[in-house]
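The values are calculated or read from the model by the stated rules, or taken from the named source; none is laboratory data. Every value quoted in this text rests on a predicted model; they were computed, and no experiment measured them. All Cβ positions, even for glycine, are placed from backbone atoms using ideal geometry, and neighbour counts span all protein chains on display.
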Amino acid sequence: MTIPKKYKAGEIETRWQDHWSERGVYDWKPDVPRENTFTVDTPPPTVSGSLHVGHVFSYTQTDLIVRYQRMQGKNIFYPMGWDDNGLPTERRVQNVYGISCNPRLPYEKDWKPEPQSGKKSKKSDAVEVSRKNFIEACEILTGDDEKAFEALWRRLGLSVDWSLQYATIDDHCRKLSQYSFLDLVEKGFAYSHEAPTMWDIDFRTAVAQAELEDREMPGAYHDIKFAVEGGGDFTISTTRPELLAACIAVVAHPDDKRFKDLFGKHAITPLFHAKVPILPAEHADPEKGTGILMVCTFGDVMDVEWWKSSKLPAKQIIGRDGRLIELDYGTAPFTSENPELANSNYGELSGLTIKQAQKKIVELLAADGSAVDGNGTALLGEPKQIMHPVKFFEKGDRPVEFLTTRQWFVKVCDYKEELLAQGRKISWHPEYMRARYEHWVEGLNTDWCISRQRFFGVSFPVWYPLGENGEPNYDSPIYAKAESLPVDPMSDVPEGYTEDQRGQAGGFIGDPDVMDTWATSALTPQIASGWYTNSERHAGLYPMDLRPQAHDIIRTWAFVTILKSWMHEGTIPWSHIALSGWILDPDRKKMSKSKGNVVTPDHLLTEYSSDGVRYWAARARLGTDTAFDDKVFKIGQKLVLKIFNMGKFVVSLLSQLEGEPVSKADISEPLDLAQIEELRATIAKATKSFEAFDYATALQAAEDSFWKTCDFYLELVKTRAYKGEDLAARRSALATLKESLLVYLRLFAPALPFITEEVWSWHPHSTCESIHHAPWPKLEELQIVATPEQDNILLAASEVLSEVRKQKSVAQTSLTTEVTQLKVKGVSSKLSALKSALSDLIHAGHITESGMEFEEDGDLQESDPCEVQVTLAESSS
RNA sequence: GGGCGCUUAGCUCAGUUGGUAGAGCGCUACCCUUACAAGGUAGAUGUCGCAAGUUCGACCCUUGCAGCGCCCACCA
């Protein structure tokens, strides 16, 4: 093996990447027993657009842990999935191909998607295709992205087994996702019912609690006067005046003296003259607004909660498109004391968007005094502008509304205790992240809504029989047989029916909805292991060892995975969960595509090399957010270069030795024993850290020790190793250098797989072809080497050498300048330590042997550095 | 309003069970020295967020406060 003169990272990294792939270095071996296998539930990245440095950061961290486990002799199951299911892909496929999905259309076998050239196609121009065709288009589009992602991951050196790939929209995932649904139904965990549900009016779909986020939005309190039946009035304050027509009651706190006399009476709403009860309710806050408020169906979660217990009929006025629906006063539940006026007023609002309706109703209220006996108008004063948090679907543009619709749910509220118990069986890294999971579980207040009124995704394997009048019977759904999965109920036919009965009275209809993407993502361990489809393999891989993921999706991904694992098999999905931090931009804002502050990784890999970029990721601790800082890449590059040079030096020294190759048995000199002791300490620390998934501390330990070794031990021993006349002493130095190199290379291998593999390959005595299958350094391998009699030899020699260098630096002279006299004053133990390495010290410091003087100083402490007096030869220049 | 985390050198961050504050970057000076000039050697820099308490002794433990970040709840 020839050693290159300069380290060209790009060339060498490409070479090793290809080599590993050709040799199958990272392949999983199915026949190795479970206890010798380490399994990873890799997060499938969303395949829409490109990866950014945040991905590189967290995936590298997982790779570090995996590589350590591999070197511990574990068979590694490290798959890669692609999340190409869900809204981001749906949007993207629509834009790229100018198509949209209509599940009611039949599948067209010969249809192929064509990318739209030029300008973005308008929504209205989109060609409608069947769900199956849409999925095919998705697979074509995401296939290209997946190749690009894979190439990046390979370049980064992720030690994934690339034969273990899955995509969340592929047949296997849809099959398992549908099977999971059927299993949940069978076990009584999943149910469908019609109820108010959070709804996004733009996507026109139900959304789940976990997909919500708060946004600060401008709003306004509107003070509206209500009449009391039998005389009198009161004023409520609301930010949603447009929901006045949906008012079903007025409530105040039971102890609120101001309104006590009103309880039991009825209020008459302005404009619509609806008679609504005035009732006490605990959730009314006397301090807030006017202390008395209207309950509408539905303005917010409290309205829904209160309505459920009230037994009052709901008045739904917001349609699925976010516009006020048409309705007729006089028809229950829209009763009115004055239906004609109510209809006339509502007619002004009907068909308007929520925003438009709000503006309109303010005008109407300002002009209306009919309900309050000519005592002014219903609207009091000007609306008071405020900023307040409003709930949004995280991908949505307008606030969520509560709409009564039929949806599928998974019971979660009933099982909080069990889910908390499952969470406690898992090791969280860092430990405090468990609290986030527990808070989320404790705070759950709605069952998990898993149906979405979208087209693209995993469909429910369900049909509904149609009655004699063509009415669907939702209470006796027809479930697909497990063997037939995956099915698309919009094109497949349930057993016992024929296609021509679709939509016909006495026939059936398919469930048009698709599942929440988390319902599929919740199964990533089972998808990778082959649950249901390959029970033997599943049993050999599951539960898994490690789930790496980001901390912001504990409430979604971690939660649903734990949930489904418990519901399906009564177990935890993995024994460890490692939470990575975020990458922050230099202004300490989270780097994310939607913020437009992302840094893409390709140019970084080119500029700083894969090892350099990996080094940056390896320095950040789990759970800790890290500011993007290109200085750290440079430190990594510097370390790589140092490893290259140190390796080159040691390997060339070894090759210059004639005769028997050196071995550990040759290590005998006190200074060398001290260096081996240093290695032992470093191995112990790095191993302990890695066992706790703390790769960053492990790297730090290796790095600190490595630089120290290069700066001091290597300099001290250089002359002896190079041309030592005492052959035994020289062999001792060479053997120590060799062991040091082999230990450091392996300690660095998880973080810096390329440079370590390169240097490892130069070494003629390497027993393992790839360093990545070499055994992780163990204390036992150095057992044969004696412990030094004194533990401060390296320290004392380094102190003196450092002082000599300092004096030369102060004198602004070269480090090769001869020291004619060196007086060392120190405690006796240090002096004797120095004497045991005297010859090395003399050579490294360019000290004249006859000029050495030692003096014992009883006043000094053991921990004090020696006092050193240096006399330099006259500079010749 | 509740919870979690953070606050240490100009910057990015370490600091193991309480015992005299650390690294790298940056900055300054010097050095071609036979592994390394894509380098090396050395130097300067801190009221450890604030306040009280426990202790012989506190960056570390306790309490309170402040600031930052995140999560959750509230949303009339």
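What number of residues in region A:539-596 are within 26 Å of A:ASN36 (Cα to Cα) and within 16 Å of RNA strand B (Cβ to nearest atom)?
Going through region A:539-596 one residue at a time, the tally reaches 7.
Just name the residue that is farthest from A:THR405 (Cα to Cα) out of those in region A:308-359 that are surrounded by 15 or more Cβ atoms within 10 Å (Cβ to Cβ) and among the hydroxyl-bearing types (Ser, Thr, Tyr).
A:SER336
If I ask for residues that are under 45 Å from the mean Cα position of the chain (by Cα), small (Gly, Ala, Ser) and either modelled with pLDDT under 95 or assigned to a helix (DSSP H, G or I) (or both), which ones from region A:320-350 would you list?
Matches in region A:320-350: A:GLY322 only.
Which of (1) in a helix (DSSP H, G or I); (2) surrounded by fewer than 20 Cβ atoms within 10 Å (Cβ to Cβ) does A:GLU114 not meet, given it meets every other one?
Among (1) in a helix (DSSP H, G or I); (2) surrounded by fewer than 20 Cβ atoms within 10 Å (Cβ to Cβ), A:GLU114 violates only (1).
May I ask you to say which residue of A:ALA674, A:ALA665, A:ALA686, A:ALA681 is touching a residue at least 60 places away in the same chain (Cβ under 8 Å), more than 10 Å from RNA strand B (Cβ to nearest atom), under 18 Å from A:LEU747 (Cβ atoms) and outside any loop (DSSP other than H, G, I, E, B)?
A:ALA686
For region A:416-446, how many residues meet the condition of being without any contact (Cβ under 8 Å) to a residue 24 or more places away in the chain and either in contact with a Leu (Cβ under 9 Å, 6 or more places away or on another chain) or closer than 19 Å to A:MET198 by Cα (or both)?
Number of matching residues: 2.
Could you check region A:393-406 and list, in sequence order, the residues that are at pLDDT below 90 and within 12 Å of RNA strand B (Cβ to nearest atom)?
A:GLU394
Among the residues of region A:23-59, write down those that are out of contact with any Ser or Thr (no Cβ under 9 Å at 6 or more places or on another chain) and assigned to a helix (DSSP H, G or I).
Hits for region A:23-59 are A:ARG34, A:GLU35, A:ASN36, A:HIS55, A:VAL56.
Regarding A:ARG436, is this residue of a type in the set (Lys, Arg), part of a helix (DSSP H, G or I) and within 15 Å of RNA strand B (Cβ to nearest atom)?
So A:ARG436 fits the description; yes.
How many residues are within 16 Å of RNA strand B (Cβ to nearest atom) and without any contact (Cβ under 8 Å) to a residue 40 or more places away in the chain when one looks only at region A:306-333?
Qualifying residue count for the region: 2.
Could you name every one of the helices (runs of 4 or more DSSP H) located completely within region A:750-839 that has at least 1 residues being surrounded by fewer than 14 Cβ atoms within 10 Å (Cβ to Cβ)? I'd like the intermediate steps shown before the answer.
On the way: elements: A:753-762, A:793-810, A:828-836.
Hits in region A:750-839: A:793-810, A:828-836.
Determine, yes or no, whether A:TYR722 is within 9 Å of RNA strand B (Cβ to nearest atom) and in contact with a Leu (Cβ under 9 Å, 6 or more places away or on another chain).
yes
If you scan region A:597-634, which residues turn out to be near RNA strand B (Cβ under 8 Å from one of its atoms), β-branched (Val, Ile, Thr) and surrounded by 15 or more Cβ atoms within 10 Å (Cβ to Cβ)?
A:THR626, A:VAL632, listed by residue number.
Against the condition over 24 Å from A:GLU382 (Cα atoms) and in contact (Cβ under 8 Å) with a residue 12 or more places away in the chain, how does A:PHE298 come out, does it pass?
Criteria met by A:PHE298.
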